[in-house]
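Colleague: Following this message is one structure expressed as structure tokens.
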Amino acid sequence: MRTTIFSQIAGIVLMLLLGSGLQLSAQDNESFFTVSGVVKDSHTNKKLNYVNVTVPGTNIGTVTNADGEFTLKIKYTLHAKEVEFSHLGYLNYRFEVSGDVVGTTILLAPSAKLLQEITVRPDNPHQLVAQAIDRIGDNYSKTPTLFSAFYRETVQKGKRYIQVAEAVIDVYKSRYDESIGRDRVRIFKGRKLLAPQKNDTLAVKLMGGPYFAVLLDVVKNPDILLDKETLSMYDFTMEDPVSINNRLQYVISFKPAVTVPYALYYGRYYIDRETLAFTQIAFNLDMSDLNKATEVMLVKKPAGLHFKPYEFSFLVTYKQQNGVSYLNYIRSEASFKCDWKRRLFSSKYNVVSEMVMTDREDQGANPFPFKESFTKNEAFSDKVSAFFDPDFWGAYNIIEPTESLDAAVTKLKKAALTNSKIQK
């Protein structure tokens, strides 16, 4: 069983390079307005990342970026009157809209008063997790679902971005009582930028790309963390409760309790107090044994290259609507160092992938053909083309790039154009 888990979670492939659905095809032409701004803590003025931004009563949404910034494109045909903001540990907030809103500041209030309602805390967190696993069939979609999603991959060498790839994708999710192997992903439109410098010949590829992200649907893929047979491998602790989407959550931390031949994980489960649905799962690969961690992270590397892992972290969130929980946002981040034998300096890399579900169709969702599907053996950056069009996304919702990423894209565009002219 663990071999299967490794094949699903393992992602990073190092190789030498030469240096240099819900298919909304008509959406680009639809009339829409845009709401953009930044979300902050009302008490500390701190910018809040990964805040859910949605149109109430619809399946349209996105999340804030690491700088707390967001952009949401809303079709006029939805007749939307409000945009709702929800975040871990904060009260929901609704913002009235009627047309374009640019540069607004949204202040979210911590949900301390709401948490006072919890008077009883379970004394057996292990049993609570097991009960939540038993309720998966009741809490998650019993019918196939078709999502439109936005996916982005970035690779940094030191502090410098050397690769950016992103796409609008279609994601078919089968029923939650079916194998995750039935889920499919295809690219609708995408783009990439690669640094052309020769000293960036050592590139990093995340195999599987958006398909790898879908496999991180921990509730649908229980072998990762929710297999009841392996719960005994972990110690569980009840933490202070929090609020998500104005709903009280049990928080249960976990860490390895045994030593086994493979790396385990540590992290936190967030479980809805009323329904026992998993609302959010944040976890990290245990790095106490670097050899075990490397087996999970690394598929292959060039001869003579030394690989040292630092971190492999994951965040998986679900959004409840009409009593059903749906996959909402997935983020993974890997940090590691590479150095060549007989070379003085080594390079630290940081690989981040994130996917947000931006629209959903529940009725009559059918899988698209396998020949159109993205596979776990493909590298995402090999499947999309270079980009220069500033209006590439049109009416599609995306995760707003951070200020640092926006600046990096500008630099990479200039470098790519310069390199193209030199080659001509």
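Please treat every number below as a calculation from the coordinates, not as lab data. What you are looking at is a predicted structure, and each value in this text was computed from that prediction instead of being measured. Backbone-built Cβ (ideal geometry, glycine too); neighbour counts: all protein chains shown.
Colleague: For a protection proxy built on the mean count of beta-carbon atoms within 10 angstrom, sort 72-81, 313-322 highest first, please.
Modeller: Taking the mean over residues of other Cβ atoms within 10 Å, the ranking is 313-322, 72-81.
Colleague: How far apart, in nm, are two points set 7 Å out from the Cα along the Cα-to-Cβ line at Glu178 and at Ala395?
Modeller: The two pseudo-label positions are separated by 2.9 nm.
Colleague: Would you mind calculating the gained length between Arg135 and Ser36 on full extension (0.36 nm times residue separation, minus the Cα-Cα distance), in nm to one decimal?
Modeller: Fully extending the segment from Arg135 to Ser36 adds 31.9 nm.
Colleague: May I ask you to compute the full-extension gain from Glu229 to Glu372, defined as 0.36 nm times their residue separation minus their alpha-carbon distance, rounded to one decimal in nm?
Modeller: So the chain would gain 47.9 nm between Glu229 and Glu372.
Colleague: Among Lys192/Lys413; Lys192/Lys300; Lys157/Lys301; Lys159/Lys414; Lys220/Lys319; Lys157/Lys337, which pairs are too far apart, with a Cα-Cα distance over 21 Å?
Modeller: Lys192/Lys300
Colleague: Counting pairs of alpha carbon atoms under 8 Å apart in space and at least six apart in sequence, what relative contact order in percent does the range 27-113 give?
Modeller: Relative contact order comes out at 36 percent.
Colleague: With Rg and the Kirkwood Rh both taken from Cα atoms, where does Rg over Rh land for the range 27-113?
Modeller: Answer for the range 27-113: 0.98.
Colleague: Can you give me the Rg/Rh ratio for the range 264-365, using Cα atoms for both radii and the Kirkwood formula for Rh?
Modeller: Taking Rg over the Kirkwood Rh, I get 1.13.
Colleague: Let's test this: bin the Cα-Cα distances of the range 276-318 at 5 Å from zero up to the farthest pair and state each bin's percent.
Modeller: The calculated distribution, bin by bin, is 5, 18, 24, 17, 13, 11, 7, 3, 1, 1.
Colleague: May I pose another question? Which value, in debye to the nearest 20, describes the size of the charge dipole of the range 27-113 about its Cα centre when Lys and Arg Cβ atoms bear +1, Asp and Glu Cβ atoms bear -1, and nothing else is charged?
Modeller: Around 280 debye, computed over the range 27-113.
Colleague: Counting only other residues whose beta carbon sits under 11 Å from that of Leu327, what net charge do I get with K and R as +1, D and E as -1?
Modeller: In short, +2.
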